[in-house]
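So the structure is just underneath, and the comments pick up after that.
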2 protein chains.
Amino acid sequence: MTHATTVWQANRSGGLTGAEALIETSLAAGVDVCFANPGTTEMPLVAALDSVPGTRAVLGLFEGVCTGAADGYARIAGRPAMTLLHLGPGFANGIANLHNARRAHSPVFNVVGDHASWHLVHDAPLTSDIVSLASPVSGWVGTAASGAGLAQLTARAVVAATAAPGCGATLIAPADFQQEVLEAPVDVELPHPRSRPEVAADVIDAIAKRLRAGERAVLLLGGAALDERGQRAAARIASATGAVLYGETFPAAAERGGGLPDLDRLPYFPEKAIEALAGAQLVVLAGALEPVSYFGYEGVPSLLAPSGTVEVLSTPEEDGALALEVLADALGAPEPAPQPPRPDDEGLPDGALTPQSVGRIASAMLPEHAIVSVEGGTCGYPFFTASSRAARHTTLTNTGGAIGQGLPAAAGAAIAAPGRKVVALQSDGSAQYTIQSLWTMAREQLPVVTLIASNRAYNVLRTELGRHGQSRPGPGATALTSLDGPAFDWPALARGYGVPGTRVETGEALRRELGRALAAGGPQLIEMAL
Amino acid sequence: MTHATTVWQANRSGGLTGAEALIETSLAAGVDVCFANPGTTEMPLVAALDSVPGTRAVLGLFEGVCTGAADGYARIAGRPAMTLLHLGPGFANGIANLHNARRAHSPVFNVVGDHASWHLVHDAPLTSDIVSLASPVSGWVGTAASGAGLAQLTARAVVAATAAPGCGATLIAPADFQQEVLEAPVDVELPHPRSRPEVAADVIDAIAKRLRAGERAVLLLGGAALDERGQRAAARIASATGAVLYGETFPAAAERGGGLPDLDRLPYFPEKAIEALAGAQLVVLAGALEPVSYFGYEGVPSLLAPSGTVEVLSTPEEDGALALEVLADALGAPEPAPQPPRPDDEGLPDGALTPQSVGRIASAMLPEHAIVSVEGGTCGYPFFTASSRAARHTTLTNTGGAIGQGLPAAAGAAIAAPGRKVVALQSDGSAQYTIQSLWTMAREQLPVVTLIASNRAYNVLRTELGRHGQSRPGPGATALTSLDGPAFDWPALARGYGVPGTRVETGEALRRELGRALAAGGPQLIEMAL
């Protein structure tokens, strides 16, 4: 999984600092984007970004922007970006989106500056337990103990981050070791390109046998199996066996539209998901985890599939698309005739906007190969329903439930894929957690069109209050789930960050403004009043 | 330290739920403000805020607003507010300001909803290691194991939070226990009012002896010793012995102006602080910790006082003001003649704004008993220099160095002290971390005037780059320390959150707009272009 190299620039007269060795190693390992919100203890690394050229440094005004962007970047690029964060509190501001990245299996390489090692014992104001904060969202945590160690642990961190299925790896970099001048070359073990292990033949055979025997089956696709190959192979299996197809509810990145099979997502609420799986004798997981209820509700089972029906075709780290193809071949499933796209040409809806009309308009107007970062249920579900008829695109969703993921992921995806348009379909409440993302979009002039579903409420919480028997919430519960009083002025917020913004109330206006925004070069925001 | 009570409403027919018992206990313990950003797993608690009346629930759009507001509230009210946060990721968004609260010794009571206990094993998307995240910023962490446990641990958490000198206490509240209906009354141990232990007489005697012997002394005041009594007693000691007075660099809450002694803060950069303490044979700590360098710099000692000179008069938990009074009496230091205020009446500066003119104008126009939340060095240090001539006021500073503290602390302070005007003197970069605070100010119509020092740069990082030999930063370092391209439109951001905002470039305009803003009832924002 690794190969050796040496970090040393022969023509560099004064030798490398630990910070420069970190950046050189990171570049050698293929990491060339850094989402940064640095402070004093990262200044040698900031200087090293100039003295060792090759890394694109992108400033976020808030650390959650950096980590969410690194997650979005990884989902599209398939390789890690670096984040550069300031001690425990700076890292903590990035945890929520690292939680989402963890659930997405995104490779992310976090570098956290710490006090000089000899200064820690004095418990200065910013001293903090970074390991305790980092562990819950990191598959790997390491603290460097020398300048050379910064290079060696950088390589180890990137190896850990990129090992399938991907994880966050956090390197703690004391300031003194960043400044240390290395006296000798450093050998590091760099990662090989990411590869996914193949599924064993007997696993595929056993499932093929049960499908051939006519068991009523559901195929649940997730992770990398939601790419084009995986979906096409799953459709062959479905047509040969009658198996029902679902995608996981919140995929990290799923291909959709352009004639791909219309794969439903497994429903969010457990009663509906249990209903969807109720008749199955066999639930086959391809890259998806066993489906569990998002929250625990009294009297509702946590596990959604009927007991004893679940079989794993491929884990998230395995090559699920290949396993589906081998399974389809084993079943003798023919290649289906290519499905032509079925664009939504029935006349797009006019009049007052609804979540359904937003979903249809956004789907129909999506440019080829767009990336859609979806956060929030209000327009997210209707968009998904409509988007099977859209041009081919990639959908990113909130994998971990920590809100504030959609805008930074859109920014990171735009940086990963120059030339692709990005649409952030975003609920108003969740947009507020990382609103500062708009500024990064403006500074980097990213082609991101942000569509704000403005219903001025935490609507999902109103629904949840109803589930708790509070169908008529009292004044306290109403206040805590309302975003009115005052309503946000979204065009003003956008302008405040240098993003042109406008507000629409009808289908006609949305079509006009979305067309204009998609044609613009840089970021745009449209508030959709619902 | 505690007394018993029983949580039970005899006239409640159906019995209490665990969530209701938590709120009842919290109210009985004197906690009646809740800064909330709840999610699904907190819905029973949200409903309980209505069914058990008496708690003021204040919504934050982002968790860092809630925790920063709870810190500001505690510094002014001297007692804890509750925060209500959603699982690990929601808590994580509040960590940075809980770090500051920890360094301020602020009592804060955090309640974090978690999954139903029986659902945790299934590792649903939002499952997270809350204990690992909470421990670095909590003096006490507990997880309830029943509905009755929610009441009992609430009492224990508030006792822990309010024990001098105060700390954050975090209660993890599984959703099933919030919903559980209690079958019997619950006995809980409630906190007594916070009291500070007195300093032992021999400690005071020993220091008095050294002062009488003529040792060159510095008195460093911090924590609660920076109240009016502590400062006046310290001034007596100084006039009787020639001791030099300093306040700690970043106090949680310090009285100032209105004829109080003009106590300098110990300088921020270590070389200056070492210089300030260099001649001392005795450095007496009253409520302050031993001064250490904020960051470790190569070749500069971490400990700032000369070796062997430090003596503790009072720890942060002890009654430092009383100890200073006893010490002053022991030295026979006379009560000084009351110092009349010396208002800055030399004509306030016109023309282009500078940090110095901002400091003088803000000081001179400060209403009596204002609270000033200061974050950022640009105008913070010049304001402090000028503010000894201001009307009596209370200054809150960023105690822990996690930026994004000033705006939410201002909001929390305003809620703690109705009738007092609050000024948030705030640097532009740090304001962005918790910019959503403006909306809470608008919703609650808090009398907070936010003054944004708009220099469009992370200026402290430019200084730090200079200290690392990068006096001419390269393009990467320039980009990562610049907030231009695009510049924020602060009046637009304010308007986006429902706060009237304006922009000034001269002393005349600042005086006019600040006068108008202080006369207004609700929140106002003024961008000061520097």
Which residues, counting only those in segment A:418-427, are of a type in the set (S, T, N, Q) and either more than 17 Å from the chain's Cα centre (by Cα) or open to solvent by less than 10 Å² (accessible area, probe 1.4 Å) (or both)?
A:Gln426
Lone qualifier among A:Arg360, A:Arg462 - being at pLDDT below 95 and in a helix (DSSP H, G or I):
A:Arg462
Can you tell me which residue is modelled with the lowest pLDDT among those in segment A:367-385 that are of a type in the set (Ser, Thr, Tyr) and assigned to a helix (DSSP H, G or I)?
A:Thr378
If you take the residues in segment B:275-305 that are within 14 Å of another protein chain (Cβ to nearest Cβ) and not in a loop (DSSP other than H, G, I, E, B), which one is most open to solvent (accessible area, probe 1.4 Å)?
B:Leu303
From the set of residues in segment B:447-463 that are touching a residue at least 24 places away in the same chain (Cβ under 8 Å) and within 11 Å of another protein chain (Cβ to nearest Cβ), which is surrounded by the fewest Cβ atoms within 10 Å (Cβ to Cβ)?
B:Val460
If you go through segment A:392-431, how many residues are in a loop (DSSP other than H, G, I, E, B), touching a residue at least 40 places away in the same chain (Cβ under 8 Å) and away from chain B (no Cβ under 14 Å)?
4
With respect to B:Gly113, is the statement that it is within 18 Å of A:Ser293 (Cβ to Cβ) and touching an Asp or Glu at 6+ places or on another chain (Cβ under 6 Å) true?
yes
Residues satisfying the stated conditions in segment B:490-508, i.e. charged (D, E, K, R) and facing another protein chain (nearest Cβ under 7 Å)
B:Arg495
So, in segment A:469-489, how many residues would count as being at the interface with chain B (Cβ under 7 Å from one of its Cβ atoms) and within 21 Å of B:Arg495 (Cβ to Cβ)?
4
So, of the residues in segment B:68-80 that are open to solvent by 10 Å² or more (accessible area, probe 1.4 Å) and in a loop (DSSP other than H, G, I, E, B), which turns out to be nearest to B:Leu150 (Cα to Cα)?
B:Arg79
Can you tell me which residue is surrounded by the most Cβ atoms within 10 Å (Cβ to Cβ) among those in segment A:506-521 that are farther than 15 Å from A:Pro367 by Cα and in contact (Cβ under 8 Å) with a residue 40 or more places away in the chain?
A:Leu510
State whether the residues of segment B:428-442 include one that is open to solvent by 10 Å² or more (accessible area, probe 1.4 Å) and not hydroxyl-bearing (Ser, Thr, Tyr).
no
Output yes when any residue across segment A:43-61 is polar (S, T, N, Q) and either more than 11 Å from chain B (Cβ to nearest Cβ) or touching a residue at least 40 places away in the same chain (Cβ under 8 Å) (or both), and no when none is.
no
What are the residues in segment B:187-229 that are modelled with pLDDT under 95, open to solvent by 30 Å² or more (accessible area, probe 1.4 Å) and not in a loop (DSSP other than H, G, I, E, B), if any?
B:Asp187, B:Glu189, B:Ala224
Any hit, segment A:320-333, residues being at pLDDT 95 or above and part of a strand (DSSP E or B)
no
Top-ranked residue of segment B:239-259 - restricted to ones that are farther than 26 Å from B:Ala101 by Cα and aliphatic (A, V, I, L, M), ranked as least open to solvent (accessible area, probe 1.4 Å):
B:Ala243
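Matching residues to (1) crowded, with 24+ Cβ neighbours inside 10 Å; (2) in contact (Cβ under 8 Å) with a residue 12 or more places away in the chain; (3) aliphatic (A, V, I, L, M); (4) within 16 Å of B:Arg229 (Cβ to Cβ):
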position: B:Val326; (1), (2), (3), (4): no, yes, yes, yes
position: B:Pro341; (1), (2), (3), (4): no, yes, no, no
position: B:Gln356; (1), (2), (3), (4): no, yes, no, no
position: B:Ala362; (1), (2), (3), (4): yes, yes, yes, no
position: B:Met365; (1), (2), (3), (4): no, yes, yes, no
position: B:Ser373; (1), (2), (3), (4): yes, yes, no, no
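The values are calculated or read from the model by the stated rules, or taken from the named source; none is laboratory data. Not measured: the values here are computed from a predicted model. We place every Cβ from the backbone using ideal geometry, glycine too, and count neighbours over all the protein chains shown. These area figures cover heavy atoms from the full protein model, side chains too; ligands, DNA and RNA do not enter into them. Shrake-Rupley method; radii C 1.70, N 1.55, O 1.52, S 1.80 Å.
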